[in-house]
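Just so it is clear, none of the values below were taken in a lab; they were calculated from the coordinates. What you are looking at is a predicted structure, and each value in this text was computed from that prediction instead of being measured. Glycine also receives a Cβ, built like all others from the backbone with ideal geometry; neighbour counts cover every protein chain displayed.
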Amino acid sequence: MDNFLKITDIKKSYKIDKQNSLHVLKGINLDIRKGEIIAIQGQSGAGKSTLLHILGTLDRPDSGNINYENEDITKFSEKELAEFRNKKIGFIFQFHHLLPEFTALENILIPAMIDGKSMRERAMELLDIVGVKNREHHKPSEISGGEAQRVAIARALINSPKIVLADEPTGNLDTENANSVIKLIFELREKFNQTFVIVTHNEEFADKCDRIVKMKDGLIIS
Ligand SMILES: Nc1ncnc2c1ncn2[C@@H]1O[C@H](COP(=O)(O)OP(=O)(O)OP(=O)(O)O)[C@@H](O)[C@H]1O
Ligand SMILES: [Mg+2]
């Protein structure tokens, strides 16, 4: 084990009223290696998105530790977390969440600009890698759903994140576009040794991944 990402006994509950809480994560333990592509599966409500949000520092666990390369991010302040999130984590969602008034190129550059660097060349290279270089000046309404998701993947990679977290990245795509997004994710691993954690209901996709983590009622069952 290379201590790339070590998740220890993560628990999370939400208050539903004064007396009751909903225990959504009941003690999650997981070790992830650099360059690994992991599928997370489980029925609706199992806690998959909650776990992804916590790994992505969008939400804090009630207890437990998350060590990225031996650095425990659960100890970070809000400011440190925001910086870590922006620089070290890429997100891909079911819907591309591109900003409608910006072009493909500008959308990719947005996380880099938050970071205060000009990354135009890298953004162009990423557009090329994800196969939509000729759409650089198009706005999201002027490209297909599959192309928009490719742009969203390029956006996730602009800051060379430690890890890319994806929640149903092919859930909104037809089979052909889904397959090409899956192929792209494996190409990105080849090229950058990029680590991915992917929540997916797509069985074919999950079977291709290095590991399938199955969740049920807030626990990993296999
Ligand atoms: N902010 C919140 N406040 C209260 N309850 C929440 C909150 N977020 C999630 N939950 C509840 O936690 C449980 C797990 O939710 P989560 O979104 O992690 O499930 P999931 O495995 O991603 O399901 P799906 O496959 O439907 O996306 C659900 O019962 C959900 O209603
Ligand atoms: Mg979910």
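Under a point-charge model restricted to the Cβ atoms of Lys and Arg (+1) and Asp and Glu (-1), what is the dipole moment magnitude of the chain relative to its Cα centre, in debye to the nearest 20? Mind showing how you got there, number by number?
Values: 31 positive and 33 negative charges, 100 e Å.
Here the chain has a charge dipole of around 480 debye.
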Springs between alpha-carbon atoms under 10 Å, Gaussian network over the chain: tell me which of T74, T175, T50 tops the mean-square fluctuations. T175
For the chain, give the share of DSSP beta bridges that are antiparallel, in percent and rounded to the nearest 5; count only bridges with both residues there. 50
Between segment 18-44 and segment 180-215, what's the alpha-carbon centroid distance in Å? 17
Whole-Å semi-axes of the ellipsoid equivalent to the chain (Cα gyration tensor, √5λ, descending): 29, 20, 17
